[in-house]
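Novice: Pasting in a structure now, in structure tokens, and then I'll have a few things to ask.
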Amino acid sequence: MGRYIVNNRIYVNPGYEELFEARFAARAGQIDKQPGFVAMRVLRPVGSHAPYVVETEWQSHEAFRAWVGSDDFKQAHANPLPDDATREGGGIEQFDVVIAVQA
């Protein structure tokens, strides 16, 4: 299989949801230019206690690491949200895909 998934769970405080989503919408066309990139999904939580999940899929761990070291990654993270836009919790989760089924 070889695919690699990275999830970033982010707790967004009330009132900042539109700003958070708009930042990803504005940059959505940049990550897809990265070698080894497969897909990105920004998942809005259903329920007030769940985090947003930003899921990226890569052809390999090496492709993800190369993106993290790229100028595009630095640019994407250069202007973070205001400190009060997010709260503690969440974080990065990384997975090797062992089984995948699609319709």
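Novice: Explain nothing, just compute: Karplus ³J(HN,Hα) = 6.51 cos²θ - 1.76 cosθ + 1.60, θ = phi - 60°, for every residue of segment 88-103 in order, whole Hz, x for Gly and Pro.
Specialist: Values, residue by residue: 4, x, x, x, 8, 10, 10, 9, 8, 7, 10, 9, 9, 10, 10, 6 Hz.
Novice: Once every DSSP H run of n ≥ 4 in the chain is given -39500 (n - 2.57) and the sum is divided by its residues, what mean residue ellipticity at 222 nm do you get, rounded to the nearest 500 deg cm²/dmol? Before the final figure, lay out each step's value.
Specialist: Values: 3 runs with 29 residues, N = 103.
Only helices count here, giving -8000 deg cm²/dmol.
Novice: So, one more: Write out the GluC sites (Glu not before Pro) in segment 1-38 meeting two conditions: DSSP loop, and at most 11 other Cβ atoms within 10 Å of their Cβ. Before the final figure, lay out the partial values.
Specialist: Details: sites: GLU17, GLU18, GLU21; in loops: none.
Taking segment 1-38 and a limit of 11 other Cβ atoms within 10 Å, no loop GluC sites (Glu not before Pro) are found.
Novice: Note down the Stokes-Einstein diffusion coefficient of the chain in µm²/s, whole number, using a Kirkwood radius over alpha carbon pairs, 10 °C, and 1.306 mPa s. Numbers along the way, then the final one.
Specialist: On the way: Rh = 14.7 Å.
Answer from the Stokes-Einstein relation: 108 µm²/s.
No lab work stands behind these numbers, since they all come straight from the coordinates. Just so it is clear, the structure is predicted and the values come from calculations on it, not from any experiment. Note that each Cβ is placed from the backbone with ideal geometry, even for glycine, and that neighbours are counted across all protein chains shown.
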